[in-house]
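*Asks:* First the structure, then my questions, so here it is.
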Amino acid sequence: MKGETYLYFNGHTAEPAADDKSILIPASKVLGITVGAANGTVDADALYLSFAGFVNDNNSKGAVVIAVTEGKLKEAMDDLAAAINGSDDFVVIADDFKKTYCSPHITGCTVDSAV
């Protein structure tokens, strides 16, 4: 854990609750970021961040769909990569409750810890 960067996502407009709306993941678990939604469709205003799951079965994955201002996908990806690579600790990527985002082009997120 020491020396690892952790990424925080809260897709809830209130404090995180027990209904799978927030997650803290190690940056080393990120598998990739793509344009689109969980079902693989292209979405002009969303990024899909997938990560290795936490059950260590080599099959489970989780995901966060990150809402982005339309036309700003590249800029949001660049800001996201900079935030992930620019810290040695704890990074808020998207917090809908506090309206805090690592990019001015990110407008929200939806957490799905088991895809």
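The values are calculated or read from the model by the stated rules, or taken from the named source; none is laboratory data. If you're wondering where the values come from, they're calculated on a predicted model, not measured in any experiment. Backbone-built Cβ (ideal geometry, glycine too); neighbour counts: all protein chains shown.
*Asks:* For SER87, indicate whether it is closer than 15 Å to VAL30 by Cβ and part of a loop (DSSP other than H, G, I, E, B).
*Replies:* Details: closer than 15 Å to VAL30 by Cβ: yes; part of a loop (DSSP other than H, G, I, E, B): yes.
So SER87 passes the test.
*Asks:* Can I ask one more? Given the conditions (1) surrounded by fewer than 19 Cβ atoms within 10 Å (Cβ to Cβ); (2) modelled with pLDDT of 90 or more, report the number of the one that LEU80 does not fulfil.
*Replies:* (1)
*Asks:* Right, here's the next one. Look at ALA67 and say whether it is in a strand (DSSP E or B), at pLDDT 95 or above and surrounded by 14 or more Cβ atoms within 10 Å (Cβ to Cβ). Break it down into steps so the answer makes sense when it comes.
*Replies:* Numbers: in a strand (DSSP E or B): yes; at pLDDT 95 or above: no; surrounded by 14 or more Cβ atoms within 10 Å (Cβ to Cβ): yes.
So ALA67 fails the test.
*Asks:* Restricting attention to segment 86-112, which residues are at pLDDT below 90 and either under 11 Å from LEU7 (Cα atoms) or exposed (fewer than 14 other Cβ atoms within 10 Å of the Cβ) (or both)? Steps first, please.
*Replies:* At the first step, the residues of segment 86-112 found to be at pLDDT below 90 are 86-89, 110-112.
Scanning segment 86-112 gives GLY86, SER87, ASP88, ASP89.
*Asks:* Any chance you could count how many residues in segment 33-61 are more than 10 Å from the chain's Cα centre (by Cα) and either of a type in the set (Gly, Ala, Ser) or at pLDDT 90 or above (or both)? Spell out the reasoning first.
*Replies:* Kept after step one, since they are more than 10 Å from the chain's Cα centre (by Cα), are these residues of segment 33-61: 34-46, 52-61.
Checking which are either of a type in the set (Gly, Ala, Ser) or at pLDDT 90 or above (or both) leaves us with 36-38, 40, 44, 46, 52-53, 60.
Residues flagged as more than 10 Å from the chain's Cα centre (by Cα) and either of a type in the set (Gly, Ala, Ser) or at pLDDT 90 or above (or both) within segment 33-61 amount to 9.
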